[in-house]
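Everything below concerns the one structure shown next.
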Amino acid sequence: MTLMVTGCPWPVRPPAVTAPGELPAPALQSHEEAVRCYTQGDYTGAAKRFATLREQTGNPVMARMALYGEACARLMAAETVSDYSRALALWEAWLDTDPGAVGYEDARLFAPLVREKMVFSHMPPDLDAPGGNGQPNPGAPKWYMVEANQALRQMTLRLDATEQQVKNKEHQIKTLENEIDRLNQQIEAFEKIDQRIQERKSAIPSTD
């Protein structure tokens, strides 16, 4: 009744979405090459290909697809907090342009995971910059701090065990050195005794 009164058509149709077949073939080929790099683990190469496609295409749908691909590739290629921060900015830019097409998986549902579950998302961008204080970020998730503390305890135990092994080795080496010194002293004493015996033999006149 409400639809009939307001004049809305029935059934309600989802917004039109550009099908892949309607996109320029060269752009689609470039996009597939970038995706291939991504799936093969070449995230830096994929990011460069997506960026080139985004800058060169005049199709807004393809530009949005390239922006999404570049954001994902930059996130995967990030090795520092600052790299991740710049990649996250691309992700946020794509969220601002995504129409949220009905009938397809909505990638926007992935946004909270990127913002809240990724460790780098809770670290200040200048953490890895020269002169950073290196102190833990109070905004870091608790599970990360628990894992970090557990890893630290394990490393401390391993370090203590290694230090004890080194001390044991040093004690063994010292014991061997002392034993070697004792044996050398005994050998030297035997040599002196043998020398005196030889001297006495030489001093006894011959009976021939």
Item to complete: Would you kindly find the accessible area of Arg86, with a 1.4 Å probe and non-protein molecules such as ligands, DNA and RNA excluded, rounding to the nearest 10 Å²?
Response: 140 Å²
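Of Thr39, Thr162, which has the most accessible area with a 1.4 Å probe, and how do the rest follow in descending order?
Values: Thr39 105, Thr162 70 Å².
Largest accessible area first, the list is Thr39, Thr162.
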Fill in: His31 - accessible surface, heavy atoms, 1.4 Å probe, Å² rounded to 10
30 Å²
Worksheet entry | Area of Cys72 that stays accessible when all protein chains are in place (1.4 Å probe, Å², to 10) | 30 Å²
Worksheet item: So if we plug the beta-carbon distance of Gln186 and Leu159 into 1/(1 + (r/R0)^6) with R0 = 41 Å, what FRET efficiency do we get, rounded to 0.05?
Response: 0.50
Item to complete: Go through Asp83, Asp194 and list them by solvent-accessible area, largest first, probe radius 1.4 Å.
Response: Asp194, Asp83
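The values are calculated or read from the model by the stated rules, or taken from the named source; none is laboratory data. What you see is a predicted model; the values in this text were computed from it and never measured. Glycine gets a Cβ as well: all are built from the backbone with ideal geometry, and neighbour counts include every protein chain shown. When the accessible area is computed, the model is the full protein with side chains, heavy atoms only, and any ligands, DNA or RNA have been set aside. Shrake-Rupley method; radii C 1.70, N 1.55, O 1.52, S 1.80 Å.
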